[in-house]
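Shown next, in structure tokens, is the structure this report addresses.
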Amino acid sequence: MRGFIRIVLWWVCVFSLLAVPCYGGGVVTVSWSPQELRQGEALYVEIKTEMEVSSAEADLDGTPIFLYKRDGGGLAGIAGVDMAASPGLRPLRVLVKDLEGKPFEKVFQVKVHKGKFGVQRLTLPKEMVELKGEILRRVLEENRKVKEIFVTLRHEKLWHNSFIKPVDGPITGTFGLRRILNDRPRSPHSGVDIAAPSGSQVGSCNDGVVVFAQELYLCGKTIIIDHGFGLYSMYMHLAEMRVKEGEEVRVGDVIGLVGATGRVTGPHLHWGVRLMGARIDPFSLLRLFPQGD
Ligand SMILES: [Zn+2]
């Protein structure tokens, strides 16, 4: 019997004008940037289809990527690679269904390169480094409270492609810096420190809702903003907080003033970002959307 089904699968690699890798073959095309993704960076994923889509989903190494409709057509989403995620290949899975529910699934491999993190050795008085008793209990409780925020997911995208640096000033503490205090390795620096005079205005890096505005023992006056789709930004060591929990903010709105509250040696802003729980370099978001298109 000659009855057999002939399936032809063709996958073409097309490089767009933006020189991002594109894969697919007529039906579904997936592209992402940056091509050279490092530990602690954000990834932008774009999905284009030739047919009407009834549903679409994507994940990076099992962590869901919230997808949204792009103005220019197609779908997009952002994913984050935690600063401590081991380098190597990560599966990027995309599943698209047409109007009849027919699935088109493809898994791509995204290479994660080693981050370029520095090392900082510090010697400080023992009592400044070691936490004990009531203070240790307070810090652990505060850490637990903050961690709870990052697992709460808002299924709505409040951010848009115009991330801004919250305050002007030089970077005095780089992202991912491995800190060795009194010869003992401590947790790496999960944000960036921007030096600015006390009282400088701090702006929200994007639109969102203030979900935390409290004083913490180590981090001082701290504001956390939920930008939706699993993206949070935080601002620490503020002299003053100018917003309250539950308040909506727009990109650039003044949320507080630079200070030196908490355990710090001088005034600066610690700016951190979490994306689906991953600790990522805030500047990697600015690099994803350089023109804020
Ligand atoms: Zn810091």
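Miscellaneous remarks
- Cα centroid separation, segment 202-236 to segment 58-96 (Å): 23 Å
- Residues in segment 12-113 average 50 Å² of solvent-accessible surface per residue, probe 1.4 Å, ligands and nucleic acids excluded.
- Of the accessible area of segment 38-86, computed with a 1.4 Å probe over protein heavy atoms only, carbon and sulfur atoms account for 42 percent.
- Extension reserve of the residue 151-residue 130 stretch, reckoned as 0.36 nm per residue once the Cα distance is removed: 4.7 nm
- Computed with a 1.4 Å probe over protein heavy atoms only, the accessible surface of segment 150-255 comes to 43 Å² per residue.
- Sequence-ordered 3J(HN,Hα) estimates for segment 55-69 from the Karplus curve with 6.51, -1.76 and 1.60 and θ = phi - 60° stand at 7, 8, 8, 8, 8, 10, 6, x, 8, x, 10, 5, 9, 9, 7 Hz, glycine and proline given as x.
- Enclosing the Cα atoms of the chain in their convex hull gives a volume equal to 159 cubic angstrom per residue.
- Nonlocal amide H pairs with residue 253, under 5 Å, H built at 1.01 Å: 204
- The chain: most fluctuating residue of 39, 120, 201 per GNM, C-alpha cutoff 10 Å: 120
- Charge dipole (segment 119-288, unit charges on Cβ, about Cα centre) - positive-most of 152, 257, 181: 181
- GNM top mover of 37, 238, 218 - the chain, alpha-carbon springs below 10 Å: 218
- Here the accessible area of segment 163-293 is 48 percent carbon and sulfur, with a 1.4 angstrom probe and all protein chains present.
- Relative contact order (percent, whole number), the chain, Cα cutoff 8 Å, 6+ residue spacing: 16 percent
- Compared with the dominant Cα axis of the chain, that is its longest principal axis, helix 133-150 is turned about 30°.
- Each residue of segment 272-279 was assigned a 3J(HN,Hα) from its phi angle through the Karplus curve 6.51 cos²θ - 1.76 cosθ + 1.60 (θ = phi - 60°); the sequence is x, 9, 10, 10, 6, x, 7, 7 Hz, with glycine and proline shown as x.
- About the centre of its Cα atoms, the chain shows a dipole size close to 960 debye [charges on the beta carbon of Lys, Arg (+1) and Asp, Glu (-1) only; nearest 20 debye].
- Extension reserve of the residue 180-residue 70 stretch, reckoned as 0.36 nm per residue once the Cα distance is removed: 35.2 nm
- Each distinct pair of alpha carbons in segment 145-239 adds a 1/r term; the inverse of their mean, the Kirkwood radius, is 14.8 Å.
- Only one residue of 107, 276, 288 has its Cα farthest out toward the positive end of the dipole of the chain, where Lys and Arg carry +1 and Asp and Glu -1 on Cβ, and that residue is 107.
- The packing ranking, built from the mean of other Cβ atoms within 10 Å per residue, places the peptides 67-79, 147-159 in the order 67-79, 147-159, highest first.
The values are calculated or read from the model by the stated rules, or taken from the named source; none is laboratory data. Predicted, not measured: the structure shown is a model, and the values here were computed from it. In this analysis, Cβ positions are derived from the backbone assuming ideal geometry, glycine residues included, and neighbour counts consider all displayed protein chains. For accessibility, only protein heavy atoms count, side chains too; no ligands or nucleic acids. Shrake-Rupley method; radii C 1.70, N 1.55, O 1.52, S 1.80 Å.
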